[in-house]
1. Pick from K235, K200: which is within 14 Å of the ligand (Cβ to nearest atom), closer than 23 Å to G42 by Cα and basic (K, R)?
2. Out of N103, N75, which single residue is part of a loop (DSSP other than H, G, I, E, B), touching a strand residue (DSSP E or B) at 6+ places or on another chain (Cβ under 8 Å) and either of a type in the set (S, T, N, Q) or modelled with pLDDT of 95 or more (or both)?
3. Taking the criterion of being away from the ligand (no atom under 12 Å from the Cβ), of a type in the set (D, E, K, R) and within 23 Å of M12 (Cα to Cα), would at least one residue in the stretch 206-219 satisfy it?
4. Hey, could you check the stretch 164-185 for residues that are free of Cβ contacts under 8 Å to residues at least 12 places away in the same chain and within 14 Å of the ligand (Cβ to nearest atom) and say which is surrounded by the most Cβ atoms within 10 Å (Cβ to Cβ)?
5. Between a residue in the stretch 125-142 that is on the phi > 0 side of the Ramachandran plot and any residue that is near the ligand (Cβ under 10 Å from one of its atoms) and not hydrophobic (A, V, I, L, M, F, W, C), which pairs come within a Cβ distance under 7 Å, given they are 6 or more apart or on different chains?
6. Can you go through T62, T39 and tell me which one is touching a residue at least 24 places away in the same chain (Cβ under 8 Å) and more than 16 Å from the ligand (Cβ to nearest atom)?
7. Across the stretch 19-39, what is the total count of residues that are surrounded by 13 or more Cβ atoms within 10 Å (Cβ to Cβ), within 13 Å of the chain's Cα centre (by Cα) and of a type outside the set (S, T, Y)?
8. Among (1) within 14 Å of the ligand (Cβ to nearest atom); (2) at pLDDT 95 or above, which single condition is F148 missing?
Amino acid sequence: MKIIIAKNYQSMSRKAADLIIRQIQMKKNSVLGLATGNTPLGMYKNLVRACKKGEVSFKKTTAFNLDEYAGLSENSKNSYHYYMRENLFKHIDIDKKNIFILNGAAKNLKKECENFEKMIKERKGIDLQILGIGLNDHIGFNEPGSSFKSKTRPVNLTTATRKANRKYFSGINEVPKKALTMGLATIMRAKKIILLASGKEKAEIIAKALKGKIKPTVPASILQKHPDVTVILDKEAAGIILLPKLVK
Ligand code: F6R
């Protein structure tokens, strides 16, 4: 595991975007796994800028998104379809047929997830997966206790996650109780992974995930077993791992 400590959020975002650009320059038809949330917003801004300047083209690139809320249509402003469209896809030259986001409004959610796994396999797997990390240590919507063998599936969201995401909704009752997410095994099959974290509120969970015991109650700890993970942190998120004696 390679850990890069950036001086601030902007620098973390630039470094992450540069790694994605390098991946696409190396392999034009790269298959990316993408995340939503606050953390990757700066990275997406850098990618949009680079695409507009002609430094990178996504024409041959495929994108699979990590997760989506169940019950929200793709036009709902809180859906991850909407987030991806507004923050990335509508500004770059990616071909729509190469965008795969779980449909949270599908009638049969289980089937939707099975089909998603099939699509990833058909594209020969994910070359580079981007991850953020939740305050309860989730990756994707794999909440604490998720099986390390889990595949893409419908899940129940914990109260902690619903509370953390309430800021995007008009109230906690509006936050869906269910979501669809790539599983931990699905994520681990990606050839390369980049984990991003920013801000001091992430310092403790980052230390637990990267230096603590590998166990399902700390879902992100599974990343310690992956052969090619790059973690990009800003100084605040790195705060505790810089003090290794404090890490249990
Ligand atoms: C988003 C996702 C989540 C977030 C995590 C951190 O697609 O899968 O695991 O990465 O909740 O969210 P932020 O970046 O908002 O702190």
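The values are calculated or read from the model by the stated rules, or taken from the named source; none is laboratory data. This one's a predicted model, so the numbers in the text were calculated from it and none came from an experiment. We place every Cβ from the backbone using ideal geometry, glycine too, and count neighbours over all the protein chains shown.
1. Numbers: K235 fails: within 14 Å of the ligand (Cβ to nearest atom).
That would be K200, the only listed residue that is within 14 Å of the ligand (Cβ to nearest atom), closer than 23 Å to G42 by Cα and basic (K, R).
2. On the way: N75 fails: touching a strand residue (DSSP E or B) at 6+ places or on another chain (Cβ under 8 Å).
Just one listed residue meets the conditions, N103.
3. Yes, the conditions are met somewhere in the stretch 206-219.
4. N165
5. D137/P219; G140/D67; G140/T181
6. Values: T39 fails: more than 16 Å from the ligand (Cβ to nearest atom).
After ruling out the rest, the residue left standing is T62.
7. Residues flagged as surrounded by 13 or more Cβ atoms within 10 Å (Cβ to Cβ), within 13 Å of the chain's Cα centre (by Cα) and of a type outside the set (S, T, Y) within the stretch 19-39 amount to 5.
8. For F148, the exception is condition (1).
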